[in-house]
């Protein structure tokens, strides 16, 4: 099945998100779609998936003009969309999510539970017979890779000819990415084309047959993937050649006083004998899946269940406890899975920014000042260089990179200088290369202003780019730290896999 989009224009108030884009997709290939933050990738796949109507342009399937009036309308034309943010219901099990909305029913009313399990299992066996996923477990308890597979199986339920995968591996550890890569590679051979949106250019190169580059809402090129190196993709996306990465460790940093000190810290199976963080310092935490680095990072903001001999924030003793207590002590958290853990898509940017410190916009006695809220929201949007129409825009309309900037910015709204420590967990998941640089620059700005930064990430190149020193975790415990002069991907892998000398 061939799909052709011709002269597609999407106009929002004050913004042209797509400007005359023409591109075709085939049912026998993986077609990679790349571009920096705000380039129009999400808008284009939303048009293709039927959730957004173009202002102008033509869509043809097999040479026949069609109108994709809704996601359901797109499905009837053989196009399924697996979104970046996910759409599973955590409390339902895998089988229930796969057949959600299409459950077998008795008399059109009662769900036939046994038939539902059988049909869901049959779909799994049809598409991915080698995978073993417990479809009786709530999906909220499953690993992220299994959840993504369940979403893909649900999309394949209606036998589509094209599946859009929007940042499918953004939240996955390295081992789980390989599992999903094999699935993506297998689909064209089974008659299902893939439109792959990913900020991992190595992933685009490894999986795609064809690559389309967008920039500023315009189509720049569509070429065979074998003809494009990653550096060439970067140059086409950003209008500049990719140079050497700027490493925070290469920047002279005047580290100030200790802002975080702890001793004999334990949470669950994670044990950290001691940890110190100074103002102006960025410390990276790395490890394999289950190594404990993510658990430790999160426990610094949510101290429930933590046992420790001592904890000091900016020289003041603190008793670990709830996020509210840790926040009051001066510790902020920018979590992973931002749409689940940090933001609300159906709120405006102003409402999302104000959620942590709503009192900043108060005139007292519970009366809010829209003027004060608007002024502060505008300040933060400018500071974070968020690309948006206004602070009244709905958050769900933003690109992944701009959403992440809002996730950071809500800690700065009405609170400049309040926090001494900021924890980042997977700060660039679902974020393109251009927005990554802006987020890294904001981390450096916060550090230069006297904050201590902790970043836990599965992206080793990210850690190499932003950290002054790195602490590798293995078996729920930290190992010997690695200083900036010794940074390399090979040294990181050796440290977290236990092969370091």
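I'd like the full set of residues that are crowded, with 17+ Cβ neighbours inside 10 Å, within 24 Å of residue 13 (Cα to Cα) and touching a residue at least 40 places away in the same chain (Cβ under 8 Å), limited to the range 58-82.
Listed by number, the list holds a single entry, 59.
Could you tell me whether residue 249 is outside any loop (DSSP other than H, G, I, E, B), closer than 30 Å to residue 329 by Cα and at pLDDT below 95?
The answer is yes for residue 249.
Taking the range 340-365 on its own, how many of its residues are in contact with a helix residue (DSSP H, G or I) (Cβ under 9 Å, 6 or more places away or on another chain), assigned to a helix (DSSP H, G or I) and modelled with pLDDT under 90?
Selection size over the range 340-365: 3.
Among the residues of the range 371-383, what is the count of those that are surrounded by fewer than 19 Cβ atoms within 10 Å (Cβ to Cβ) and touching a helix residue (DSSP H, G or I) at 6+ places or on another chain (Cβ under 8 Å)?
Qualifying residue count, the range 371-383: 3.
To keep it simple, each residue is scored yes or no on (1) within 27 Å of the chain's Cα centre (by Cα); (2) at pLDDT 95 or above.
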site	(1), (2)
32	yes, yes
36	yes, no
39	yes, no
42	yes, no
50	yes, no
61	no, no
81	yes, no
84	yes, no
99	yes, no
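Looking for whichever is farther than 15 Å from residue 88 by Cα and at pLDDT 90 or above here; the options are 196, 172, 135. Which one fits? Even if it seems obvious, please write down each step before you answer.
Details: 172 fails: at pLDDT 90 or above; 135 fails: farther than 15 Å from residue 88 by Cα.
Criteria check complete, one pass: 196.
Residues being under 29 Å from residue 216 (Cα atoms) and either part of a helix (DSSP H, G or I) or in contact (Cβ under 8 Å) with a residue 60 or more places away in the chain (or both): count how many of those fall in the range 369-410.
Here the count works out to 27.
Residue-wise test of (1) buried (at least 21 other Cβ atoms within 10 Å of the Cβ); (2) closer than 20 Å to residue 496 by Cα; (3) over 15 Å from the mean Cα position of the chain (by Cα); (4) without any contact (Cβ under 8 Å) to a residue 60 or more places away in the chain.
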{"position": "435", "(1), (2), (3), (4)": "yes, no, no, no"}
{"position": "450", "(1), (2), (3), (4)": "no, no, yes, no"}
{"position": "457", "(1), (2), (3), (4)": "yes, yes, no, no"}
{"position": "460", "(1), (2), (3), (4)": "no, yes, yes, no"}
{"position": "464", "(1), (2), (3), (4)": "yes, yes, yes, no"}
{"position": "467", "(1), (2), (3), (4)": "yes, yes, yes, no"}
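Here is a yes/no grid of residues against (1) in a loop (DSSP other than H, G, I, E, B); (2) assigned by TED's automatic domain parsing to the domain that holds residue 153; (3) farther than 30 Å from residue 437 by Cα:
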site: 20; (1), (2), (3): no, yes, no
site: 43; (1), (2), (3): no, yes, no
site: 68; (1), (2), (3): yes, yes, yes
site: 80; (1), (2), (3): no, yes, yes
site: 97; (1), (2), (3): no, yes, yes
site: 101; (1), (2), (3): yes, yes, yes
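Inspect the range 315-337 for any residue being in a helix (DSSP H, G or I), touching a strand residue (DSSP E or B) at 6+ places or on another chain (Cβ under 9 Å) and over 17 Å from residue 452 (Cα atoms) and give the result as yes or no.
yes
Looking at 441, 415, which one is in a loop (DSSP other than H, G, I, E, B) and either free of Cβ contacts under 8 Å to residues at least 12 places away in the same chain or in contact with a helix residue (DSSP H, G or I) (Cβ under 8 Å, 6 or more places away or on another chain) (or both)?
That would be 415, the only listed residue that is in a loop (DSSP other than H, G, I, E, B) and either free of Cβ contacts under 8 Å to residues at least 12 places away in the same chain or in contact with a helix residue (DSSP H, G or I) (Cβ under 8 Å, 6 or more places away or on another chain) (or both).
The values are calculated or read from the model by the stated rules, or taken from the named source; none is laboratory data. Computed from a prediction, not measured in an experiment: that's the story for all the values here. Here the Cβ is made from the backbone with ideal geometry for all residues, glycine too, and neighbour counts use every protein chain on show.
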